[in-house]
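Here's the structure, in structure tokens; my notes come after.
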């Protein structure tokens, strides 16, 4: 289980994430939602061990991750929001490099990489430099890299960005299968429809603070609203989105 206890992140004394606490349990997909600028990606980077929390504790299986950050990272797979890669490498070369860093046996890694690239629709471009890859293709390379070592914890920060419909459906099914296999899945997104379809538990962040932390079913019942979009609007969006949309249309038509 992944647990955050009173986690803060400050930059120049200004809080970006404030007193965030929640659980992500094995066997379920936990959705981490919030509008842009709410602190989602900052939280994900702290969980991934890329930046340190200003205050609070992040635990995995009951142990603070900072006690043995290297071992924790061995058990974690992470897909960041932006697909930053060594684009002079081919997709195959990049994944082989990742497998070596992960300490995987070369023969087994090669077979696994070829199969992953085939399943993700990248096999035909496996020897092409990633500088020529689309954003969606790079996203799939990062996804493959995050799963090569069979991690116990999978962090997905806006993983559907740039994917076509077919690839998005594959990823949705993959996330569900990973959770069913007993892994801890934390999925950060602003795509409400996708979150509603695959997440059993939802944490909603607004201005760096948790404003909801419950199962999808309980959130719907408590808010007496049928969809996550309406729940999200009540909990986290302060402006009238419909009037804003209408005003934009009026403005461009003027």
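The values are calculated or read from the model by the stated rules, or taken from the named source; none is laboratory data. For clarity, every value in this text was computed on a predicted model and none was experimentally measured. Positions of Cβ are backbone-derived with ideal geometry, glycine not excepted, and every protein chain shown enters the neighbour counts.
A few points about this structure:
- Residue check for residue 115: more than 27 Å from residue 37 (Cβ to Cβ), surrounded by fewer than 17 Cβ atoms within 10 Å (Cβ to Cβ), at pLDDT 95 or above and not assigned by TED's automatic domain parsing to the domain that holds residue 36: no
- Where residue 31 falls short, out of the listed (1) closer than 15 Å to residue 205 by Cα; (2) touching a helix residue (DSSP H, G or I) at 6+ places or on another chain (Cβ under 9 Å); (3) part of a loop (DSSP other than H, G, I, E, B): (3)
- Residue among 42, 57 that alone is touching a residue at least 12 places away in the same chain (Cβ under 8 Å), assigned to a helix (DSSP H, G or I), touching a strand residue (DSSP E or B) at 6+ places or on another chain (Cβ under 9 Å) and outside the structural domain of residue 126 (by TED's automatic domain parsing): 42
- Scope region 125-159; condition in a loop (DSSP other than H, G, I, E, B) and touching a helix residue (DSSP H, G or I) at 6+ places or on another chain (Cβ under 9 Å); matching residues: 126, 127, 128, 133, 148, 149, 151, 158, 159
- Test for residue 171: is it assigned by TED's automatic domain parsing to the domain that holds residue 49, within 20 Å of residue 33 (Cα to Cα), without any contact (Cβ under 8 Å) to a residue 40 or more places away in the chain and within 15 Å of the chain's Cα centre (by Cα): yes
- Hey, residue 98 buried (at least 16 other Cβ atoms within 10 Å of the Cβ) and closer than 20 Å to residue 148 by Cβ or not: yes
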